[in-house]
Amino acid sequence: MKDNLMKHINEQNAWHELTPGGMIYGSGNSEHFNTGEWRVAIPTFIEDKCKQCLLCVPVCPDSSIPVVDSKRLDFDFEHCKGCGICYKVCPFDAITFKKIGE
Amino acid sequence: MAIRERLSGNEAVSIAIRQVNPDVMAAFPITPSTEIPQFISQYVANGTIDTEFVAVESEHSAMSACMGSQAAGARTVTATSSCGLALMWEMLYVVASARLPLTLCCINRALTGPININNDHSDSMGARDAGWIQIYAENAQEAYDNYIQCVRIGEHKDVQLPVMACQDGFITSHAVENILLLEDAEVKAFVGEYEPEKYLLNEKEAVSMGPYDIANYYMEHKYQQKVALDNAKQVIYDVAAEFEKMSGRKYGMIEEYMMEDAEYAMVIIGSSAGTAKDAVDKMRAEGKKVGLVKVRVYRPFPEEEMVKALSGMKGVVVMDKAEGYSALGGPLGADVKAALFGRTNAVVLNIVYGLGGRDVRVESIEEAYGRLFAAVEAGGVPFGYDYLGLRK
Amino acid sequence: MAYNFKQEMNKPERLAGGHRLCAGCGAGIAVRGVMRALKPEDKAVVCSATGCLEVSTCLYPYTAWNDSFIHSAFENSAATVSGSEAAYIALKKKGKVNGTYKFIAFGGDGGTYDIGFQSLSGAMERGHDMVYVCYDNGAYMNTGIQRSSGTPKYAETTTSAVGKCSPGKKQIRKDLTEVIASHHIPYVAQTTFIGNFKDLHEKAEKALYTPGAAFLNILAPCPRGWRYNAEDMMTITKLAVETCYWPLYEVIDGEYKLSYRPKVKQPIENFLKPQGRFKHLFKKGNEDLIAEIQADVDKRWEELLKLCGEEV
């Protein structure tokens, strides 16, 4: 994960501690914000069944299927919101999807 | 060495822009500011300047493109008048809040309703609270000098705000006057390079601008803008002092004329100050203790300077070249009264004049002083405010 | 360059997770698809119109953008980024910028078809080297699903309400892709999410690397506004294409080229049925409304086939 150049900014800051004009320095620091807790349903990656076709990767709105050396890893549950699109496109049943608590 | 020339206000400010050689100009034609983008377009065509000229399809897009450009790290300028400024309205606030120090040459013209192409201040007065610095010129010389200073003022690290350099449409923008120009190299050295700390085209570090700002942050960011506007005052003085060294011409927040022993003062903005100075000379010769305060910088409002200049006056007449439709007077009148409240005992009369190009002569100014004398004599003014030059 | 799917999936992400778009949002998928087409060594300046995408991806003090990003207002992402592009030309000339930057404006259908239409038209006509990407979800979703001129006929939105006196939006959908093609810019294309994203990727790549102004219209469903199960995204986009509601095509230097022709054109009901916004059309007595939509789809499809030099 990249360094968060805005890590010193929080809702207790005085006016002069905030960046001018609301500028956000650096890039992609939303990675430091957890949207995983939004999930009401959860996908499960079944590695044994996965053929690494990667069709699940581009359909994720939350960039939550990491790919390393042409292989997908387990979900990034810090950010996956549990929409289930990946589960529906998997041709090999390598992703299951169910409501949390079921 | 100063260069003697005979130029209109539009020509003068276009030469100032040429000398500053901004990176980008995005503009849309509207009378009477149209000549400025025309001149720049010709400079670009001739290879006189390096500026990227973007002939946009509206003033809203002009201000939007200027924002995108200045944010990208380029020194950026535009010019407009009247409805053009009104169409930029939304973006004026956005640019100021994003702390982008671009410059706008506002050639003041009456705001449509009904349509009228002549001068008054209803366009820029409406934008007075948008978070921009506003500097007004009396004549072509000041328009030229102000523009060069505006670039420095806005870009100063303590300020980082957009600046509106205003001059009166036609009266200043189109009338030819004698003027002293600086040498190109002098202006170039004076304004220097634009070197923002954070910008979109910084190859070393990306930046995101214009975020959604929730209640927990918005107020602090608005306060930062207020502090920047407060800071602008000292910067305006510092830049003026440096400019004086180079040009010999002195500028401040306000200009006081014959105020030393004055008992009756007029507060006025723009080209009418020239006419008013003639009226003051005439009335002084008649033994009347009149003086004049010309507002050069309207935003930030020169509160301290105004109070100092007007303290001890028997009466003050504040001249507004714009209706406020507040039922309380014009915008300058309201501001001056607010500044003086509790600080002086002067009778303050507010007069709206010169709307939509209504002629302002020495006699008109004399009449305004005359009404002030009467008000002081009567011991105060009635509720409301006056109109000057209105057929009754 | 031939599309190498696996290689593309290996590229570093340009839109980080942790943004606040809804679960299953089409905008996030569209943005990732477009940004992936950038060469890894190239940088970008991205502008988003006010809307779901902007408020979700750039919320102080967080940004999901790994490239430089600017938001200014709702109606002007094209004008804003056109200014950044002008700045790039100026600063490059002066040696202040050395690398290659690409300029991308995003807007929803509200910010593109409607309020940002003038700004878009102006920027396209001026020929800035930029790409305008519309993520078309067929309504003003950010403010709560109000109709836009991109909303299909008879769809229910909160400002084209369905009731006993109204069957939903009364007007047909504006064909913005056609309108922008009429600007005679070098590259215009219409796409959506299909299979391994080859269609979207190749179009985004052409749009980004064709010098001059380019326009991409991407159908990007909104599960909340369209009222289908979020997980069915890829079924919905496929049906949009297979029914010819959303044909895939491009216009390269004025020449129309059909990207995909369904073997069997599916009836429009198949696209309408899974979406709650069309539920009222399936009540008894509304058959003629569906027939009317079908006739409009057929007519537009035939017109497009003719433009593309395809057999009708």
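The values are calculated or read from the model by the stated rules, or taken from the named source; none is laboratory data. Since the structure is predicted, the reported quantities are computational estimates derived from the model, not experimental observations. Every residue, glycine among them, receives a Cβ derived from its backbone with ideal geometry; neighbour counts consider all protein chains shown. Areas reflect the complete protein model, heavy atoms only, side chains present, ligands, DNA and RNA absent. Shrake-Rupley method; radii C 1.70, N 1.55, O 1.52, S 1.80 Å.
Structural remarks
- Scanning segment B:18-42 for residues that are within 14 Å of chain C (Cβ to nearest Cβ) and aliphatic (A, V, I, L, M) yields B:Val20, B:Val24, B:Met25, B:Ala26, B:Ala27, B:Ile40.
- Qualifying residue in segment A:51-60 (condition: in contact (Cβ under 8 Å) with a residue 40 or more places away in the chain, farther than 19 Å from C:Pro12 by Cβ and either assigned to a loop (DSSP other than H, G, I, E, B) or away from every other protein chain (no Cβ under 12 Å) (or both)): yes
- The residues on offer are B:Met283, B:Met259, and the sole one that is more than 18 Å from B:Gln167 (Cβ to Cβ), open to solvent by less than 60 Å² (accessible area, probe 1.4 Å) and assigned to a helix (DSSP H, G or I) is B:Met283.
- Total residues in segment B:339-366, condition more than 23 Å from B:Asn116 (Cβ to Cβ) and buried (at least 17 other Cβ atoms within 10 Å of the Cβ): 7
- Test: residue in segment B:198-205 that is closer than 30 Å to B:Asn350 by Cβ and not polar (S, T, N, Q): no
- Among residues of segment B:219-242 that are surrounded by 14 or more Cβ atoms within 10 Å (Cβ to Cβ), those with a beta-carbon under 8 Å from a residue that is assigned to a helix (DSSP H, G or I) and aromatic (Phe, Trp, Tyr) at least six positions away or on a different chain give the pairs B:Glu220/A:Trp15; B:His221/A:Trp15; B:Tyr223/A:Trp15; B:Gln224/A:Trp15; B:Val227/A:Trp15.
- Taking the criterion of being surrounded by fewer than 20 Cβ atoms within 10 Å (Cβ to Cβ) and either facing chain A (nearest Cβ under 7 Å) or within 20 Å of C:Asp199 (Cβ to Cβ) (or both), the residues of segment C:2-19 that qualify are C:Ala2, C:Tyr3, C:Asn4, C:Phe5, C:Lys6, C:Gln7, C:Asn10, C:Lys11, C:Glu13.
- Reported count of residues in segment C:67-97, each being more than 7 Å from chain B (Cβ to nearest Cβ) and polar (S, T, N, Q), is 1.
- Every condition in (1) at the interface with another protein chain (Cβ under 8 Å from one of its Cβ atoms); (2) at pLDDT 95 or above is met by A:Ser27 except one, and the failing one is (2).
- Checking A:Lys98 against (1) without any contact (Cβ under 8 Å) to a residue 40 or more places away in the chain; (2) surrounded by 12 or more Cβ atoms within 10 Å (Cβ to Cβ); (3) more than 9 Å from chain C (Cβ to nearest Cβ), the condition it does not meet: (1)
- Positions within segment C:214-241 being open to solvent by less than 20 Å² (accessible area, probe 1.4 Å), without any contact (Cβ under 8 Å) to a residue 60 or more places away in the chain and away from chain A (no Cβ under 14 Å), in sequence order: C:Ala240, C:Val241
- Filtering B:Ala175, B:Ala165, B:Ala143 for residues that are in contact with a helix residue (DSSP H, G or I) (Cβ under 8 Å, 6 or more places away or on another chain), assigned to a strand (DSSP E or B) and touching a residue at least 12 places away in the same chain (Cβ under 8 Å) leaves a single hit, B:Ala165.
- Residues (surrounded by 22 or more Cβ atoms within 10 Å (Cβ to Cβ) and not in a helix (DSSP H, G or I)) located in segment B:146-162: B:Val159, B:Gln160, B:Leu161, B:Pro162
- Some residue of segment C:33-52 being more than 9 Å from chain B (Cβ to nearest Cβ) and farther than 25 Å from C:Gly212 by Cα: yes
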